[in-house]
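Written out below as structure tokens is the structure these notes cover.
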Amino acid sequence: MKRKKQTVAVVGSGNLGRVLAMALDRAGYRVVEIINRDLTRARKLAGGVSARAVALDEKTPLVADVFWICVTDDAIPEVAAALAHSKTEWRGKVVVHTSGAYGSAELKALKRKGAAVASAHPMNSFVRSSKPDFRGVPFALEGDGVAVKLAGAIATSLGGEVFTIRPEDKVLYHAMGAFSSPLLVSLLYAGERLGKAAGLREPRKVMARILRETVENFLQNGGEAAFSGPIKRGDLKTVEKHLKALSRVQGTQAIYQVLAIQAVHGLPGKEKKAMLKALSKTLAK
């Protein structure tokens, strides 16, 4: 006999909440509640998955078996406390938040009410254009055994790849994600600014091939094999010319220096002492 899938409530109607609710619905889960501070936004998402919209501060009983909280990190304890004040019997229910930096302890208000709690962070970028597709997305799990098992089963059914993590390791794990997406975008944006300063009409088009090749080389072979350029070759004068020219485009020189020093310390290259001296001298000014 096929086991009945749990009913789910999604708390939060932002990019991740929208994508998760739609993915759950497509995977055959019954999304019964969309909970949000802004009831208008909750209704918009709820209409797409045939759920009811609930304002976060409503005191009416909530009926879902599993609650996925998809709100900003700092808001999790407050949201958990608001849910705990609803007229809901929390014993037997599972509550999961999706923060990468914080552990399941942020849900203590609900755990005190009898809920099993966990965190399940999908390592991916979620923007307005994101599609409800979690195939191949890694999910980092920790928390109560029952909640971790259920969250892992749901993530797996969405096509995700699950693993467990210690709560004390989550901040570094999440910082890795920051280097992999938002800070990478910031770095690429700096490159785009330099292209425009050099007079290129379509700098992203010029960047595309080298960027794709570099990322693929890194993912396939690691940092040492993917690393190339003047720092690896020991072209000190080229690096000095870079530093001088970058002073014309605000903020880019400091980014270059920090990343270059990281490369000298950790990646293969020649003239390391001379490179560090030149980079540190300019950085100190």
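The values are calculated or read from the model by the stated rules, or taken from the named source; none is laboratory data. No experiment lies behind these values; they were computed from the predicted model shown. Neighbour counts run over all protein chains shown; Cβ positions are idealised from the backbone, glycine included. The area values use the complete protein model at the heavy-atom level, side chains included, leaving out ligands, DNA and RNA. Shrake-Rupley method; radii C 1.70, N 1.55, O 1.52, S 1.80 Å.
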> Does the stretch 137-153 contain any residue that is modelled with pLDDT of 95 or more, open to solvent by 20 Å² or more (accessible area, probe 1.4 Å), in contact with a Gly (Cβ under 8 Å, 6 or more places away or on another chain) and farther than 22 Å from H174 by Cβ?
Replying inline: no
> If S247 passes every condition in (1) touching a Lys or Arg at 6+ places or on another chain (Cβ under 9 Å); (2) at pLDDT below 95; (3) not aromatic (F, W, Y) but one, which one does it miss?
Replying inline: (1)
> If you check every pair at least six apart or on different chains, which have Cβ atoms under 6 Å apart with a residue in the stretch 32-44 that is over 11 Å from V54 (Cβ atoms) first and a residue that is crowded, with 24+ Cβ neighbours inside 10 Å second?
Replying inline: R41/S13
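Assess whether G159 counts as being touching a helix residue (DSSP H, G or I) at 6+ places or on another chain (Cβ under 8 Å) and modelled with pLDDT of 95 or more.
Against the criterion (touching a helix residue (DSSP H, G or I) at 6+ places or on another chain (Cβ under 8 Å) and modelled with pLDDT of 95 or more), G159 does not qualify.
Being buried (at least 20 other Cβ atoms within 10 Å of the Cβ), touching a residue at least 12 places away in the same chain (Cβ under 8 Å) and of a type outside the set (D, E, K, R) narrows it down to one residue among S104, S181, S157, S125; which is it? Don't jump to the end; show me each part of the working.
On the way: S181 fails: buried (at least 20 other Cβ atoms within 10 Å of the Cβ); S157 fails: buried (at least 20 other Cβ atoms within 10 Å of the Cβ); S125 fails: buried (at least 20 other Cβ atoms within 10 Å of the Cβ).
So the residue among S104, S181, S157, S125 that is buried (at least 20 other Cβ atoms within 10 Å of the Cβ), touching a residue at least 12 places away in the same chain (Cβ under 8 Å) and of a type outside the set (D, E, K, R) is S104.
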> How many residues does the stretch 211-231 contain that are open to solvent by 80 Å² or more (accessible area, probe 1.4 Å) and either under 24 Å from K196 (Cα atoms) or touching a Leu at 6+ places or on another chain (Cβ under 9 Å) (or both)?
Replying inline: 4
> Counting only residues that are more than 22 Å from the chain's Cα centre (by Cα) and closer than 13 Å to F67 by Cα, which one in the stretch 12-52 is surrounded by the fewest Cβ atoms within 10 Å (Cβ to Cβ)?
Replying inline: R30
>> I need a count of the residues in the stretch 118-167 that are over 20 Å from F179 (Cβ atoms), in a loop (DSSP other than H, G, I, E, B) and touching a Phe, Trp or Tyr at 6+ places or on another chain (Cβ under 8 Å).
In response: 3
>> Need the failing condition index for K113 against (1) open to solvent by 70 Å² or more (accessible area, probe 1.4 Å); (2) within 23 Å of the chain's Cα centre (by Cα); (3) not aromatic (F, W, Y), just the number.
In response: (2)
> Within the stretch 162-170, is there a residue that is touching a Pro at 6+ places or on another chain (Cβ under 9 Å) and farther than 19 Å from F67 by Cβ?
Replying inline: yes
> Only one of (1) among the polar types (S, T, N, Q); (2) out of contact with any Ser or Thr (no Cβ under 8 Å at 6 or more places or on another chain); (3) farther than 24 Å from M123 by Cα is not met by S13, so which one is it?
Replying inline: (3)
> Checking G199 against (1) out of contact with any Ser or Thr (no Cβ under 8 Å at 6 or more places or on another chain); (2) open to solvent by less than 30 Å² (accessible area, probe 1.4 Å), which test does it fail?
Replying inline: (2)
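Kindly indicate the residue of the stretch 63-75 that is of a type outside the set (S, T, N, Q) and surrounded by fewer than 21 Cβ atoms within 10 Å (Cβ to Cβ) and also nearest to the chain's Cα centre (by Cα) among those meeting that condition. Even if it seems obvious, please write down each step before you answer.
Step one: filter the stretch 63-75 for residues of a type outside the set (S, T, N, Q), giving 63-71, 73-75.
Still in the list and also surrounded by fewer than 21 Cβ atoms within 10 Å (Cβ to Cβ): 63, 65, 73-75.
On the way: V63: 29, D65: 25, D73: 11, D74: 15, A75: 16 Å.
Looking at residues that are of a type outside the set (S, T, N, Q) and surrounded by fewer than 21 Cβ atoms within 10 Å (Cβ to Cβ), I get D73.
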>> Please determine whether any residue of the stretch 237-256 is among the small types (G, A, S) and without any contact (Cβ under 8 Å) to a residue 24 or more places away in the chain.
In response: yes
